[in-house]
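Colleague: Could you have a look at this structure, given as structure tokens, before my questions?
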Amino acid sequence: MIRLDGVTKVYGDDTVAVDQVSFEVAKGDFIFLVGQSGSGKSTLLRLMSREEIATEGDVWVAGRNLSEMAASRVPYLRRSLGNVFQDYKLLLNKTVFENVAFALEVIGKPRHVIREQVPLVLELVGLADKTERFPNQLSGGEQQRVSIARAFVNRPVILLADEPTGNLDPATSEGIMALLEEINETGTTVVMATHDHRVVNTMRRRVIQLDRGVVVRDQERGVYE
Amino acid sequence: MLARIEYALRETWASFRRNFTLTLAAVLTSAIALLLVGATFLIQRAFENLLLQWRGDVAMIVFVRSDASPEQIALIDSTLRAAPSVIDVEKIRYLDKAESYAEAQRIFAGDPVTLSLLTPETIPTQFKVVPITEDADLVRSLAGQYRTLPGVEAVALAEDEFEVISTLSRFVRTVTLIMSLVLLVVAVGLIWNTIRTAMFARRREIEVMKLVGATNWFIRVPFMLEGLLQGLIGGVVSCFGVWALNSAWTSGVATFKPGTGISSLVVPSGYLSGVIVILLALGALVGAIGSAIAASRFLDV
């Protein structure tokens, strides 16, 4: 589903964010990218959603080589990806329903699809009773659920999550992780960057550890060290 | 498809309301710029009426009495052709009664009193003469000879009637054209700025749109539509302005004494509607250019 082949990303002239990284993620996998701030976790995610282009090496996502992908094809790649962020990136002037519907609306989905899919996914994330609330009227955990709903509403094959529990307390984080696990069980490949020890140690999934842009550990059923 | 169109229109309208003051400034500037463009056209057209009979480097017109015999007309023609060192004989043009009458109708369009005195039967016919020499005195002395020919009613020289107006017309055209060009550029800039501000105000939305896979065109269209609409509204406002200006001018001209020449400075209504179409198109173009530059440059947020 995802394959990195000797990927290097250099920002500016000399800031090496990712250095010769190679790994493969199979369809339906759930993996953690761990490491300190600045170790290159976010850069890897951004390379996978082609917000960045590799300086060297190839990034394959869903059968497509992103290094050779034309800019005009990127929107169609993004439609098969879901993105979740630490800061949720919700639109504050839109309700929960509208935030999720927005993701379908702007890729031109007809209204009957929106009316059908949005309540379904809000039910899945457990917000069926809060569809008309605005983001400011929700807790952090609830806001993250909205953002997951938005990422998942188009049924992506891959979900990329950048520190999704970064702003949440342990109990709330657990709920979010349960939700991501549920999404993973539908066959969606999940790649999550985190430095949340508890989450990684509880889940016991594949762990890829980065240090200054280099993979230092790739372990099945790993823990945070 | 329908959902996309609806989305684009809804977003355009919302953005319009959100940036009301900036939008107003952009619309008014384009309106004033276009008004000036329209005025340039009208002034030019008005002068053209006045200069109509001198078009094509004609420097001398020999008017022939309406009751002149064919022999007299033939004599005038051969006399003109006898001076090939002064007159470009290839370009001598004779306007018969029908042609002269048609021309007079345009020249005196704003002067119904003079026009009513003319009929296709009583109108003088005319020879239009293009000189071949630069020597104005030579042309003038020749004109003096032609006045004495039988059947000649009058000889008019461009130097006397045309030069001042022509110079004035050129000057007015240059000034209004430069001013309207500058204002059009300002209008493009203001629309560009309005759209840029609108996009900046919605940068989070644009960021999310790009993340979930909206195409650049989908993101751009509402903004481009907004700029187009601003230019077009400016065009509509300027059309009202041009129409009001022209009506005021036309009714003002009607109070002048007939035959003073000022009355030639009116614009036929057919031409006015042509100008209006041009102004609307130009307004849309200004809006499209301004917003297209903004939308293509500020999409990376």
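Colleague: 7 Å from Cα along Cα→Cβ at both B:Ile132 and B:Ala244: what's the point-to-point distance in nm?
Modeller: Each label point is offset 7 Å from its Cα along the Cβ direction, giving 5.6 nm.
Colleague: Here's a follow-up. Starting from the Cα gyration tensor of segment A:116-203, take the square roots of the eigenvalues, sort them a ≥ b ≥ c, and report rounded, prolate or oblate (rounded when a/c is under 1.5, otherwise prolate if a/b is larger than b/c, else oblate).
Modeller: Note, shape of segment A:116-203 comes out oblate.
Colleague: OK, next. Estimate the FRET efficiency between B:Leu181 and A:Glu51 by the formula 1/(1 + (r/R0)^6), using the beta-carbon distance for r and 35 Å for R0, to the nearest 0.05.
Modeller: After rounding to 0.05, the efficiency reads 0.25.
Colleague: Count the lysine pairs in the protein assembly as shown whose Cα atoms sit under 17 Å apart, keeping only pairs 8 or more residues apart in sequence or on different chains.
Modeller: Taking the protein assembly as shown as the scope, the lysine pair count is 6.
Colleague: Which one, B:Val129, B:Ala68, B:Leu181, is farthest towards the positive end of the dipole of the protein assembly as shown when Lys and Arg carry +1 and Asp and Glu -1 on their Cβ?
Modeller: My answer, from the dipole projection, is B:Leu181.
Colleague: Still on this structure, please answer the following. What's the FRET efficiency of A:Arg212 with B:Ala281 using the Cβ-Cβ distance as r and R₀ = 60 Å, to the nearest 0.05?
Modeller: The value I calculate is 0.50.
Colleague: A further question on this structure: Taking chain B as the reference, fit the longest principal axis to its C-alpha atoms, fit the long axis of helix B:269-297 to the helix C-alpha atoms, and give the angle between the two in degrees, 0 to 90, nearest 10.
Modeller: For helix B:269-297, the angle is close to 30 degrees.
Colleague: At a 10 Å Cβ-Cβ cut-off, how would you order A:Met69, B:Met209, fewest neighbours first?
Modeller: By the 10 Å Cβ count, ascending: A:Met69, B:Met209.
Colleague: Shifting gears a bit: To the nearest 10 degrees, how steeply does helix B:216-253 sit against the main Cα axis of chain B, on a 0 to 90 scale?
Modeller: With both axes taken from Cα atoms, the answer is about 30 degrees.
Colleague: I would also like to ask the following. So between A:Tyr76 and A:Glu182, what do we pick up on full extension, going 0.36 nm a residue minus the alpha carbon distance?
Modeller: 35.7 nm
Colleague: Based on the alpha-carbon gyration tensor of segment A:81-155 and its eigenvalue square roots a ≥ b ≥ c, which shape applies: rounded if a/c is under 1.5, prolate if not and a/b is larger than b/c, or oblate?
Modeller: prolate
Colleague: Using a Förster distance of 51 Å, how high is the FRET efficiency between B:Thr255 and B:Glu6, based on the Cβ-Cβ distance and rounded to 0.05?
Modeller: Here the calculated transfer efficiency is 0.40.
Colleague: Find how many whole Å separate the alpha carbon centroid of segment A:165-225 from the alpha carbon centroid of segment B:10-53.
Modeller: 60
Colleague: While we're on this one: Between segment B:154-212 and segment A:79-110, what is the separation of their alpha carbon centroids in Å?
Modeller: 41
Colleague: Take B:Ala201, project a point 7 Å from its Cα along the Cβ direction, then tell me which residues of segment B:1-22 have their backbone nitrogen under 13 Å from it.
Modeller: Taking a point 7 Å out along Cα→Cβ of B:Ala201, the residues of segment B:1-22 whose backbone N falls under 13 Å are B:11-22.
Colleague: Charges at C-beta only: +1 for Lys and Arg, -1 for Asp and Glu. How large is the resulting dipole of chain B about its Cα centre, in Debye rounded to 20?
Modeller: In total the dipole reaches around 1880 debye.
Quick note: the coordinates plus some simple rules give every number you see, no bench work behind them. Keep in mind the model is a prediction, meaning the values are calculated, not measured. Counting neighbours? That spans all protein chains shown, and the Cβs are built from the backbone with ideal geometry, glycine included.
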